[in-house]
1. I'm trying to understand the selection: among the residues of the range 61-83, which are outside any helix (DSSP H, G or I) and either small (Gly, Ala, Ser) or under 18 Å from the mean Cα position of the chain (by Cα) (or both)?
2. Report, by residue number, each residue of the range 7-20 that is closer than 27 Å to Glu74 by Cβ, of a type in the set (Val, Ile, Thr) and without any contact (Cβ under 8 Å) to a residue 60 or more places away in the chain.
3. For the range 44-67, indicate whether the set of residues that are surrounded by 16 or more Cβ atoms within 10 Å (Cβ to Cβ), of a type in the set (Ser, Thr, Tyr), without any contact (Cβ under 8 Å) to a residue 12 or more places away in the chain and more than 21 Å from Ile16 (Cα to Cα) is non-empty.
4. Considering only the range 1-60, how many residues are of a type in the set (S, T, N, Q) and either part of a helix (DSSP H, G or I) or modelled with pLDDT of 90 or more (or both)?
5. Considering (1) under 14 Å from the mean Cα position of the chain (by Cα); (2) closer than 21 Å to Val138 by Cα, say which one Ser10 fails and leave the rest.
6. Collect the residues in the range 79-121 that are buried (at least 16 other Cβ atoms within 10 Å of the Cβ) and over 15 Å from Phe143 (Cβ atoms), keeping them in residue-number order.
7. Counting only residues that are more than 17 Å from Val29 (Cα to Cα), of a type in the set (A, V, I, L, M) and at pLDDT below 90, how many does the range 92-114 have?
Amino acid sequence: MNTLSFHEKSAIGTLIATWIIGVFYFHSVWDLWQAGQLHPGSMTGLATGLVVLLVMVLVGYHILIALTARREEEDERDKRIAVRAGNIGGVVLRVGVIGIVGHILIGGFFDDPIATSPMLIANALMAVVFVATIIELVLTLVFYRRGV
């Protein structure tokens, strides 16, 4: 792992931590929904706790890789990779949000209670952000490996 740059190590750690905590979050939300306990209080507590955990894990990980890495400057390649991966992740995010808005509008037209449930809408938006973030991190790693 010594041949990887700080940005690559950062993307790997962020991808792994985000994936594990995100999957745990959505599994927990699914269990709450199946039990009929999906309400703002339970969802807010779960989301807040996992966000704090994610921040603590990422701060600790980045301190660790910063202490063990050699000093390196961000170059044009790093900037191009970040912009390209970020742009694609942004497109995924926009398409997902537009899809959710369309689902709300169409479901509201047919009086579908699931389409207008605030808790399900919030979790659908969280899922879109999660997927866009995972795609951006994976693309960052791909662009570092194969070049931009």
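The values are calculated or read from the model by the stated rules, or taken from the named source; none is laboratory data. Everything quoted here is computed from the prediction, not taken from an experiment. Here the Cβ positions follow ideal geometry from the backbone for every residue, glycine too, while neighbour counts run over all protein chains shown.
1. Ala69, the sole residue that qualifies.
2. Ile16
3. There is no residue in the range 44-67 that is surrounded by 16 or more Cβ atoms within 10 Å (Cβ to Cβ), of a type in the set (Ser, Thr, Tyr), without any contact (Cβ under 8 Å) to a residue 12 or more places away in the chain and more than 21 Å from Ile16 (Cα to Cα).
4. Final tally of qualifying residues: 8.
5. Every condition holds for Ser10 apart from (1).
6. If the condition is that a residue be buried (at least 16 other Cβ atoms within 10 Å of the Cβ) and over 15 Å from Phe143 (Cβ atoms), then Val92, Leu93, Gly96, Ile100, His103, Ile104, Gly107, Ala115, Ser117, Leu120, Ile121 are the ones that fit.
7. Count: 0.
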